[in-house]
Amino acid sequence: MRARASHLRALLSRALATSLPPPPPARALPQVTSSARPSSLASTERGIFSRITGLGASPFGAAFLPRARFFSADASAAAQGGSKPPAAAATGGDGGGDGQSGKSEQDAGKSVRGGPVSWLSFLLLLLTGGGVIVYYDREKKRHIEELKNRNSAVKPGQSVGTAAIGGPFKLLNHDGKPVTEKDFLGKWTLLYFGFTHCPDICPDELQKMAAAIDKIKEKAKLDIVPVFITVDPERDTVEQVRDYVKEFHPDLIGLTGTKDEIRQVARAYRVYYMKTEEEGSDYLVDHSIVMYLMNPKMEFVKFYGKNYDTDSLTDGIIKEIKEHK
């Protein structure tokens, strides 16, 4: 087996030796590294190469080993940060190799004095950051104090954030007499917008209103004026409104008017209404389901939606009147 392997290795070496061209003489490293590389290192490389490949003594090994040294020299020069390329170092002779080796040793001997951030710059950074934090904290406290002073400067009697609801109007009551918002001055008023042909919601809301004003008078000895304003002026005449309000409470005041007058008062109180499902003279009116509590100056105080029942409406109105006083 060994004889056969040796024979095959010899054949392979001959074939490769004839096919591979000889290395270029300008890039041959044995002459370049004669002074920089010890002869023992070259012999060691040949020994290692021979042990690994078994071709050290063959022509193939002789052709391959200079190329291996050349690439090894390139890698070493790149790692040491040499300024000259390997080819130029190879043509420089022994003096060039000694100069490059000496320069590398000099660079390696230099000590690193410090990183990118020194202690002084780090201290300055800390002082600057601390100053920014202190300044921000001081400005924040000053801003909070200004807000507190502004809030405390508001007088108790001022109205802050009150919705722009309400305004002047001119309508007819259920007795046919002209009525304006001035007729309700000096009294707490509870307004509701609806129409007499409403099948279910308006009757439920008016019954709740009537029961609430009775409870308010019983519990807090307060008189509330209930007012019904139609949003269907075409059908809700004075007579129609008079017959309608009598069904809920004797103190309930019904108001009607022309289309323009109803449109004006609805806009003033931010009330939505629109005809729906019109079939000749039979139609419904879609509208807002809200009661408005107005103070004795006919200024808006609070509104109450459909989600309030009789008890919560009673307690809510009493609470608002007591806080207003």
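The values are calculated or read from the model by the stated rules, or taken from the named source; none is laboratory data. Computed from a predicted structure; not experimentally measured. Cβ: placed from backbone, ideal geometry, glycine included. Neighbour counts: every protein chain shown. To get the accessible areas, we keep the full protein, side chains included, count just its heavy atoms, and leave off ligands, DNA and RNA. Shrake-Rupley method; radii C 1.70, N 1.55, O 1.52, S 1.80 Å.
Calculated accessible area for the stretch 170-324 comes out at 52 Å² per residue, all protein chains present (probe 1.4 Å; ligands, DNA, RNA ignored). A DSSP coil position with no more than 13 other Cβ atoms inside 10 Å describes the following chymotrypsin sites (Phe, Trp or Tyr not before Pro) in the stretch 263-325: 272.
Under 5 Å between amide hydrogens, which residues at least 5 positions from residue 231 or on another chain qualify, with H placed 1.01 Å from N in the peptide plane? For residue 231, whose amide H was placed from the backbone, the distant partners under 5 Å are 194, 195. Of the residues 287, 254, 222, the one whose Cα sits farthest towards the positive end of the charge dipole of the stretch 170-324 is 222 (charges of +1 on Lys and Arg Cβ, -1 on Asp and Glu Cβ, taken about the Cα centre). Each Cα pair of the stretch 170-324 feeds into the Kirkwood radius, which the Stokes-Einstein equation turns, at 20 °C and 1.002 mPa s, into a diffusion coefficient of 136 µm²/s.
Computed over protein heavy atoms with a 1.4 Å probe, the carbon and sulfur contribution to the accessible area of the stretch 170-324 reaches 48%.
Near residue 302, the amide H atoms lying under 5 Å from its own belong to 293; only residues 5 or more places off or on other chains count, and H is placed 1.01 Å from N.
Here the alpha carbons of the stretch 208-293 define both size measures, Rg and Dmax, at 14.6, 48 Å. When you restrict to C-alpha pairs under 8 Å that are six or more residues apart and normalise by the size of the stretch 170-324, the relative contact order lands at 31 percent.
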